[in-house]
Structures are given as structure tokens and as C-alpha cells.
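The values are calculated or read from the model by the stated rules, or taken from the named source; none is laboratory data. As the structure is a computational prediction, the values presented were derived from the model and not from experiment. Note that each Cβ is placed from the backbone with ideal geometry, even for glycine, and that neighbours are counted across all protein chains shown.
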Amino acid sequence: MSTITQVKKRSGEVVEFKSERIANAIYRAAVSVGGRDKQLSEQLAGEVVQYLETQVKPGATPTVEEVQDAVEKILIENGHARVAKAYILYRDERARLRSDRVASTDRPSENVPWAKIWHVLDWAVTHDVHTIDSYNERVNRGDLDAIITESEAAYHEDIENASNLILERRKDLKLVIITGPSSSGKTTTTIKVSEKLQRAGIKLVSLTVDHYFFDLEMHPKDEFGDYDFETPFALDLPLVNEHINRLIAGEEVKIPFYDFKTGKRHLDHTPMRIGADEVILIDSLHGLFPDMTQGISDERKFKLYLEPLLQMKTPSGEYIRWTDIRLMRRMLRDASFRAYDPTRTLLHWHYVRNSEKRFIIPFITSTDVIINSAMPYELSIYQPRLIEQFTGWVEKYREDPLQKDAFERASRTFNFLKWITPLDDTGVVPSDSVIREFIGGSVYTY
């Protein structure tokens with residue numbers, strides 16, 4: 001047993017020291033450069049602990065930085081330079097993100113789709129739903145049906161525009177990618193775009209990349225030891241890329257089958273080939289990640305990005321964050337369709353966001369079109385279903401140093417959700433709405 005029992009975080013808080021977190025961090029770095037030896041990661045973590053024990057005075061508490069320095073040293077000394085580099089880059093990236101959060105800056109982010117946001121903001125102001133107060137006023141004077149109609153129409157206009165752009169390039173396209181972060185509404189949007197293209201004579205053939213997951217035991221874990229399905233490296237990206245290129249070339253491939261009950265992948269399972277008049281469709285979190293479609297020219301692929309770009313200010317003058325909308329969506333979907341407690345969704349959201357920041361958001365501006373899936377009225381649907389849970393989470397995690405992220409998200413969401421006029425009746429939500437993807441009752445089968 002290690003003589004080190006605690007570690008000091010950057011905030012000054014002291015938490016329990018666990019060697020498993022070191023092993024998980026090393027394994028994540030190894031996976032990012034193609035390695036998948038968990039036993040070696042655990043062995044190296046043991047060497048890190050042994051080294052720390054020789055450096056830390058008896059009774060002293062090492063800092064997170066000291067632990068990370070030790071990891072880098074052991075990796076390099078053991079000849080794992082590529083893994084060390086990946087670890088160092090990830091560490092540096094996290095430091096930069098922390099710095100960006102602290103620093104006050106007026107410079108626009110290069111990863112923000114400003115033109116689309118200004119369009120959505122203009123729509124919100126025009127329809128008087130740009131603040132919670134103005135939205136509530138419209139609801140309270142009986143305009144809810146109008147708000148729903150206006151919101152759904154704006155979303156469907158985006159669908160129509162995206163479909164038309166695809167049709168304009170139909171002669172060259174062989175791959176349509178519909179992507180976006182968790183709970184952005186990809187499944188519903190994919191169905192709607194597919195329907196419009198099929199009516200125009202374009203036959204889409206879906207390639208389900210979830211079947212390319214590695215066996216569960218080979219998945220990287222997050223810092224808490226939970227399997228991380230959000231990273232693109234949970235997928236066999238070289239095989240995905242090979243199959244897409246071969247399909248476009250007219251060859252037949254055999255798609256693997258992933259059994260989520262057993263966590264096992266079965267290779268060479270389902271034959272697949274696309275015809276000359278068919279287009280591959282990919283609906284994936286990581287459709288923009290370069291490794292997935294490497295070697296395919298931009299002329300042959302169309303990239304559609306999805307995000308709930310709500311432009312609504314709270315009474316304190318801050319804009320509601322898109323990630324908080326998606327968090328509530330996923331809570332309701334996970335509870336309804338996966339029997340997950342919403343608390344589990346909240347506590348796992350940290351690695352959802354970490355993956356988005358590293359592997360999704362940096363590629364937003366490389367897309368051909370962006371669709372806004374946000375509906376101002378969806379907040380009224382979520383309010384009565386989640387407000388009690390958020391109230392409880394704020395109190396439960398207020399003094400828990402290990403759940404600081406959960407507390408901050410819960411507190412931030414509670415502080416705007418409490419002002420929203422609640423709507424108990426979901427019957428007003430259209431049966432084909434993207435919102436049905438999260439609350440149930442859709443005409444579509446997911």
C-alpha cells in the first residue's frame with residue numbers, strides 16, 4: 001500500500017490519492033497514439049507511485065502538478081516518448097483551457113460560428129424570446145402555441161436549407177456526415193434530412209460507426225475510472241476510415257457488429273456495398289474528426305453540424321449555455337430510454353465536455369452548414385421535470401471537492417431554470433419535433 005494517501009488539487013483542496021487515476025491517464029494517452037496495453041499502464045503507474053514516495057517527505061501531500069511531472073518522467077525514462085508527448089500535450093491543453101476560463105478577453109473565438117449565432121440572435125429578438133423575461137411574458141399572455149410554431153418552423157427551415165445544399169452537390173457527393181455534440185438532436189435531424197433527400201431521388205445508405213467500438217475492456221477510462229465512450233479513440237478509427245474509402249471505391253466490406261450487452265465486437269459480420277447512385281450517411285459524434293474520413297476529398301463529402309444555439313439571456317444578463325440545454329436533454333433521454341438516473345448523467349458530463357472541447361468543437365468551422373436545434377419553449381418542458389433534482393444537486397455537491405464540476409453545472413442550470421415558466425403538458429410538443437427525441441412520444445423510431 002502506498003504511503004501517499006492524499007493529493008492537493010490546484011484549487012488547494014486535498015482529496016484522496018488513487019493510483020488508478022494515474023493508470024487511467026497513462027492509458028488514455030497511450031490510446032491516443034494507438035496503444036492499448038492496460039497492464040503496462042498499470043505497471044507504469046506503479047513506478048510513478050514508487051518514484052513519488054522517494055520524493056515526497058513523510059506526512060507531506062504532493063500536488064497534482066508534482067504527480068503529473070512524475071508521470072512524464074517515468075514515461076520518458078521507460079522509452080514511451082510518444083505516450084509522454086500525448087500526455088504532455090493533453091496536460092498543456094487543460095492548462096490553457098483553465099487559463100482561458102480565468103482570463104478576461106474580448107477576442108472572438110475562432111471555433112465559434114459567429115455568422116450563424118448572429119442569425120439566431122436576430123431571430124430571437126424579432127420573436128421576443130431573447131430573454132427569459134420576454135419569453136415568460138409571451139407565454140403568460142397566451143402565445144405558447146405561436147412560440148412553438150415559430151420555433152419548429154425555424155428548425156425546419158434549417159433542415160430545408162441543408163438539404164438543398166446537399167442536392168446542389170449531388171453529382172460529386174459520396175458521403176454525408178451529420179455530426180454534433182451529445183444530445184444536439186442528430187438522430188431526428190438525420191431522419192428529416194434523409195426523408196427530404198430520398199424524395200429528391202438520393203438514396204442514403206447508413207454506416208453505423210457504433211459497431212466500430214473496441215471491446216469494452218479496451219476502452220479508455222476517465223479520471224474517475226468510468227469507461228469513456230465519448231472519445232473518438234474508443235472507435236477503431238483506422239478500420240472506419242478503411243471501410244469508408246473502400247465503399248466509395250465501389251468495393252464490398254464486412255461491417256463489424258458491436259454487442260452492447262456483452263461489450264464485445266464481432267469483426268466481418270455484415271456485408272455492405274454502395275451503388276453508383278447511393279451516398280453513405282454517417283451520424284456520429286466524431287464525424288468531423290479527421291482520422292475518420294482521411295483520404296476523402298472535401299468535394300466528395302458534405303458535413304452538417306448540429307447544436308442548440310439558443311440565444312436567451314437570464315435575468316442576470318448572461319446567455320444560457322448550450323451545453324446546459326444538452327445536459328438536460330440527455331438527462332431526460334437517459335432516464336426515459338436507458339434507465340439511467342439523472343445524477344449519473346450529471347456526474348459523467350465532465351468527460352462528455354472534455355471530449356467535445358478536444359475532438360468536436362475545434363472542427364465546427366470546417367462544416368458546410370450548421371443547424372440550430374434549440375427550441376425556446378423546450379426549457380418550459382424541462383423545468384417541472386428537473387427543477388427538484390437541480391435544487392438537490394446544488395445542496396448535495398456544494399462542499400464536495402471531488403464533484404466541483406457537477407456543483408458548478410447544477411448551480412448554473414438551477415439559477416436560470418428556476419425563472420422559466422413551467423409547462424407540465426407535453427401534448428403541445430409536435431410528434432415530429434426534435435424535442436421528442438429526449439422526452440419520448442415521437443413519430444420516429446430511434
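Condition check for L285 on (1) within 25 Å of K192 (Cβ to Cβ); (2) surrounded by fewer than 18 Cβ atoms within 10 Å (Cβ to Cβ); (3) not polar (S, T, N, Q): one failure, at (2).
Could you go through region 241-264 and let me know if any residue there is more than 30 Å from S163 (Cβ to Cβ) and either aliphatic (A, V, I, L, M) or outside the structural domain of H156 (by TED's automatic domain parsing) (or both). No: region 241-264 contains no residue that is more than 30 Å from S163 (Cβ to Cβ) and either aliphatic (A, V, I, L, M) or outside the structural domain of H156 (by TED's automatic domain parsing) (or both). Restricting the first member to region 403-422 and to residues that are farther than 18 Å from V15 by Cα, and the second to residues that are surrounded by fewer than 20 Cβ atoms within 10 Å (Cβ to Cβ) and among the small types (G, A, S), the beta-carbon pairs closer than 8 Å and six or more apart or on different chains are N415/S316.
Only residues that are among the hydroxyl-bearing types (S, T, Y) and not in a helix (DSSP H, G or I) were counted in region 176-223, giving 6. Looking at S2 and the list (1) outside any loop (DSSP other than H, G, I, E, B); (2) of a type in the set (S, T, Y); (3) over 30 Å from P238 (Cα atoms), which single condition is not satisfied? Of everything listed in (1) outside any loop (DSSP other than H, G, I, E, B); (2) of a type in the set (S, T, Y); (3) over 30 Å from P238 (Cα atoms), S2 misses just condition (1). Among the conditions (1) within 13 Å of the chain's Cα centre (by Cα); (2) at pLDDT 90 or above; (3) of a type in the set (V, I, T), T391 misses just one, which is (1).
Among the residues of region 10-56, just one is loosely packed, with under 14 Cβ neighbours inside 10 Å and among the basic types (K, R), namely R10. Evaluated against (1) without any contact (Cβ under 8 Å) to a residue 40 or more places away in the chain; (2) surrounded by fewer than 13 Cβ atoms within 10 Å (Cβ to Cβ), G295 falls short on exactly one condition, (1). Residue-level analysis places I387 outside the set of residues that are assigned to a helix (DSSP H, G or I) and out of contact with any helix residue (DSSP H, G or I) (no Cβ under 8 Å at 6 or more places or on another chain).
Scanning region 21-68 for residues that are hydrophobic (A, V, I, L, M, F, W, C) and in contact with a Pro (Cβ under 7 Å, 6 or more places away or on another chain) gives V31, L52, V56. Of the helices (runs of 4 or more DSSP H) lying entirely inside region 16-134, those carrying at least 2 residues that are at pLDDT 85 or above and under 27 Å from L417 (Cα atoms) are 114-126.
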